[in-house]
Amino acid sequence: MTTVKTGSCACGEFNYEVSGDPMGLAVCHCTACKKRTGSAFGMGCFFPKENLKLQGEYKEYTRIADSERSVTHRFCTNCGTTIMWTAQAMPNGIAVAGGSFDDPNWITPPFHAWGSKALPWFQFPEGVNVFAENPNKKVVLKQE
């Protein structure tokens, strides 16, 4: 049986269902993710695009990430919550904001990206790899 997860923006007008297991999970400490979330980091759950069903209106905003690749965010036209994004680096996938799931307790990211830009007070959890920048560059700050 395929697992279906649901989520929405803060006001509930832009919501989604996603089926199956994620292709990847990550926490990112880059400057753009901090600005997108208004927090210390961003958390993304990456799924195949065809596994996602959307309901409600959204707008898109495209920016250039620290990796110098484009990222297009989808956010609610009413409350402005960013729910998901597509990245040039993963053309067949879509990232869903971890905090937007109705029940995010299943999420356990195996690594942190752009750890070199983490806020100085942040303590990385035990048992996860921490990459200095993009994991594709393989520069590790902390390895478990």
Out of all the residues in segment 1-26, which are among the β-branched types (V, I, T) and open to solvent by less than 40 Å² (accessible area, probe 1.4 Å)?
-> V18
Matching residues, segment 61-72, being crowded, with 18+ Cβ neighbours inside 10 Å and either among the small types (G, A, S) or modelled with pLDDT of 95 or more (or both) = A65, S67
Which one is least open to solvent (accessible area, probe 1.4 Å) among residues in segment 107-144 that are among the basic types (K, R) and at pLDDT below 90?
-> K142
Residues located in segment 35-60, provided they are in contact with a Lys or Arg (Cβ under 8 Å, 6 or more places away or on another chain) and open to solvent by 90 Å² or more (accessible area, probe 1.4 Å) = K59, E60
For segment 105-127, what are the residues that are free of Cβ contacts under 8 Å to residues at least 24 places away in the same chain and not in a loop (DSSP other than H, G, I, E, B)?
-> N105
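Among strands (runs of 3 or more DSSP E) lying entirely in segment 1-90, which contain 2 or more residues that are in contact (Cβ under 8 Å) with a residue 60 or more places away in the chain and touching a helix residue (DSSP H, G or I) at 6+ places or on another chain (Cβ under 6 Å)?
Working: elements: 4-8, 15-19, 24-28, 42-48, 52-55, 58-64, 70-76, 82-87.
Filter on segment 1-90 gives 42-48.
The values are calculated or read from the model by the stated rules, or taken from the named source; none is laboratory data. Because the structure is predicted, anything quoted here is derived from the model rather than measured. Heads up, the Cβs are rebuilt from the backbone with ideal geometry, glycines too, and the neighbour counts pull from every protein chain shown. Heads up: the accessible areas ignore ligands, DNA and RNA and are worked out on the full protein's heavy atoms, side chains in. Shrake-Rupley method; radii C 1.70, N 1.55, O 1.52, S 1.80 Å.
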